[in-house]
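Asks: So that we are looking at the same thing, I have put the structure below in structure tokens.
The values are calculated or read from the model by the stated rules, or taken from the named source; none is laboratory data. Just so it is clear, the structure is predicted and the values come from calculations on it, not from any experiment. Counting neighbours? That spans all protein chains shown, and the Cβs are built from the backbone with ideal geometry, glycine included. Please note that ligands, DNA and RNA were not included when accessible areas were found on the heavy atoms of the full protein model with its side chains. Shrake-Rupley method; radii C 1.70, N 1.55, O 1.52, S 1.80 Å.
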Amino acid sequence: MAALLALGLGGGAPAGADPDDDGLKQALDNVLADERLEGALASVVVADAASGETLYEHSAATRLTPASNTKLPTSAAAMELLGPDYTWSTDALTAGGDLYLRGSGDPTMLAADYDALAARVAAAGVDEVDRLVADDTRFDSVRLGNGWSADYESDYYAMQISALTVAPDTDYDSGTVVVEAYPGKRAGDRPRVVVTPPNDYVKIDNRGRTVAEGEPDTLGIAREHGTNTIVVSGNIPVKANATKEWITVWEPTGYAAAVFRDALERHGVEVEGRTLLGRATPERARTVASHGSMPLKDLMIPFMKLSNNGHAEILTKTIGVETADAGTWSAGLRGVSSYLQSVGVDTSTLRQVDGSGLSRGNTIPSREFVRLLTAVQDEPWFGAWYESLPLACDPDRFVGGTLRTRMCDTPAEGNARAKTGSLTGASALSGYVTDADGRELVFSVVLNNYLAGSVKDIEDAVVTTLAGYGGDAEAAEPRSRTTRGVEKQADVECAWLKPRMC
């Protein structure tokens, strides 16, 4: 790594150098000559942020899988088409003796919010209803994105998408529960299992076993396919730390309804009959309570800093509702594409099949990312959007985000703002950085088909090369790695590790 960075950072061009100076080209070519990219594909473009002039390109038009860099077009389109002050409403309405819980897609609804909604229902004088009806019809019933794999079905980053959902935490990991398994007091005991938020919608099948202190910890937590049975299995030693997993639920509409029904009971509202899912609220229904979400400009922070897939897909379907009166992926993606075309992105050269980048069906060349990043600087909402991008080596999770341990002790620290992206064999980094002359640059690095465990340091070397280029600045002596406080690991979206320790 040190040798690689030395090649990439050494010998910055003098102040006022021509943008086409061979020094920058050679430095970046050296970075991309890393042996880990032998047989792989790399698409890299760098441009002047003010003029849009291309300063460097390598396979600029090659379409590659961008992973979570797909959130860049999704988020920009959402800010333009929905507006930074856009909010979602979750409503409780009555009609014909039934109580309707109507969702519009709010990904930030917590159990506490459903509790407050239930309290307002009770305060409105409702103390008994025939049935609870969960209305998620603003979106279609397709829960999983195009090309998503069954391999990670229960992993929280592949949460099912519904207009009614629950988040267990203030990272707003909607459609999931947090499951913690603690060792028993003595060997042979079952682990103690805690679910957040408490609910009877998911069932715990506890097959785990407490073993003697010092024995291997093999405890695992996963949901069985097509069910809400969460299996705890394996061994956990006495006095070991809890095993903690964020697990997706099967059918988040039912999850939201179950949490709300429990809240109604706590506040003295009796539901006599069963809960019905997926039925539209009658036009004659009377609203008795409502809860509004935070505005989109505030949601952008947890969404982009932590690379939240569920937020991206909810935004995509919301765009579909607002632009085509259809809460579907196809309608939403047409809206995204229309926005991209309006700002000069050549959509004929790319394919986007979901909002988050979890699908490998997405293929976008780095040239189009750079065109988008250049164009959005003129948008009135750009400031809020720019602030939502992770900032290199800032330790605050809601500032540094997925870059909080990267590019430390380099000219890019506290300088580069960019969106990360990771899937097995696919990695990307696109955003903004200021060079040693004070010139702001736009860059996109998309790497595919490599066999190495990680190529993040290659992306970082590109960006630190740019940050140290120009002026009289000498490149700092590179560290042996570009992360701080964590060991280097295989490529995976940093925020997709739970607990989020990276």
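Asks: Magnitude of the Cβ-charge dipole of the range 156-213, K/R +1 and D/E -1, about the Cα centre, nearest 20 debye?
Replies: Computed about the Cα centre, the dipole is about 420 debye.
Asks: A follow-up question, please. Starting from the range 180-226, pick out the GluC sites (Glu not before Pro) whose DSSP state is loop and whose Cβ has at most 13 other Cβ atoms within 10 Å.
Replies: Qualifying residues, ordered by number: 213.
Asks: While we're looking at this one, here's another question. Enumerate the calculated ³J(HN,Hα) couplings along the range 451-468 in order (Karplus 6.51 cos²θ - 1.76 cosθ + 1.60, θ = phi - 60°), each rounded to whole Hz, writing x wherever the residue is Gly or Pro.
Replies: Residue by residue, the range 451-468 yields 9, 5, x, 8, 10, 4, 5, 6, 4, 4, 5, 4, 6, 5, 4, 5, 5, x Hz.
Asks: Among the lysines, which fall within straight-line cross-link reach of residue 297, defined as a Cα-Cα distance under 19 Å, with same-chain neighbours fewer than 8 residues apart omitted?
Replies: Hits, sequence-local ones excluded: 71, 305, 317, 419.
Asks: Provide the gained length on full extension for the span residue 276 to residue 242, in nm with one decimal, where the gain is 0.36 nm per separating residue minus the Cα-Cα distance.
Replies: Result for the pair: 8.6 nm of gain on full extension.
Asks: Put +1 on the Cβ of each Lys and Arg and -1 on the Cβ of each Asp and Glu in the chain; which of 152, 328, 468 then has its Cα farthest toward the positive end of the dipole?
Replies: 152
Asks: Using a ≥ b ≥ c from the Cα gyration tensor of the range 147-288 (square roots of the eigenvalues), is it rounded, prolate or oblate, where a/c under 1.5 gives rounded and otherwise the larger of a/b and b/c decides, a/b for prolate?
Replies: prolate
Asks: Given Cα pairs under 8 Å that are at least 6 residues apart, what percent is the relative contact order of the range 162-294?
Replies: About 25 percent, as a whole number.
Asks: Taking a probe of 1.4 Å, how large is the accessible area per residue of the chain, in Å²?
Replies: Accessible area per residue: 38 Å².
Asks: Dipole size in debye (nearest 20) for the chain around its Cα centre, Lys and Arg Cβ +1, Asp and Glu Cβ -1?
Replies: 1420 debye
Asks: Just want to confirm a number: the relative contact order over the chain, from Cα pairs under 8 angstrom separated by 6+ residues, in percent.
Replies: 23 percent
Asks: Relative to the Cα centre, what is the charge dipole magnitude of the range 306-359, using +1 at the beta carbon of each Lys and Arg, -1 at the beta carbon of each Asp and Glu, and rounding to the nearest 20 debye?
Replies: 80 debye
Asks: Follow-up question, since we're still on this one. Extending each Cα 7 Å along its Cβ direction at residue 378 and residue 225, get the distance between those two points in nm, one decimal.
Replies: 5.0 nm
Asks: Report the gain in length on full extension from residue 212 to residue 151: 0.36 nm times residue separation, minus Cα-Cα distance, nm rounded to one decimal.
Replies: Result: 18.8 nm gained on full extension.
Asks: Now, a different point. Evaluate the relative contact order of the range 216-353 (contact order divided by residue number), counting alpha-carbon pairs under 8 angstrom at least 6 apart; express in whole percent.
Replies: Averaging sequence separation for qualifying contacts and normalising by length gives 10 percent for the range 216-353.
Asks: Would you work out which of 208, 345, 123 lies farthest towards the positive end of the dipole of the chain? Charges go on Cβ: Lys and Arg +1, Asp and Glu -1.
Replies: 208
Asks: Sticking with this structure for a sec: 222 nm [θ] for the chain, helices only, -39500 (n - 2.57) per DSSP H run of 4+, per residue, to 500?
Replies: Roughly -7500 deg cm²/dmol at 222 nm, from the helical runs in the chain.
Asks: Shape call for the range 380-424 from the C-alpha gyration tensor, a ≥ b ≥ c root eigenvalues: rounded (a/c under 1.5), prolate (a/b greater than b/c) or oblate?
Replies: Verdict is oblate for the range 380-424.
Asks: Still on this model: Only one of the values (1) 0.93; (2) 0.99; (3) 1.05 was calculated from this structure for Cα Rg over 2.2 N^0.38 Å; name its label.
Replies: Calculated Cα Rg over 2.2 N^0.38 Å: the matching label is (3).
Asks: Now a separate question. Would you be so kind as to identify which of 395, 412, 365 lies farthest towards the positive end of the dipole of the range 365-415, taking Lys and Arg as +1 and Asp and Glu as -1 on Cβ and the Cα centre as origin?
Replies: 365
Asks: Apply the a/c threshold of 1.5 to the C-alpha gyration tensor of the range 307-364 and tell me whether it is rounded, prolate or oblate.
Replies: Oblate, because a/c is 1.5 or more while a/b does not exceed b/c.
Asks: A follow-up question, please. Students sometimes get this wrong: rank 267, 225, 311, 291 by accessible area, probe 1.4 Å, all chains present, largest first.
Replies: The most accessible residue leads, giving 225, 267, 291, 311.
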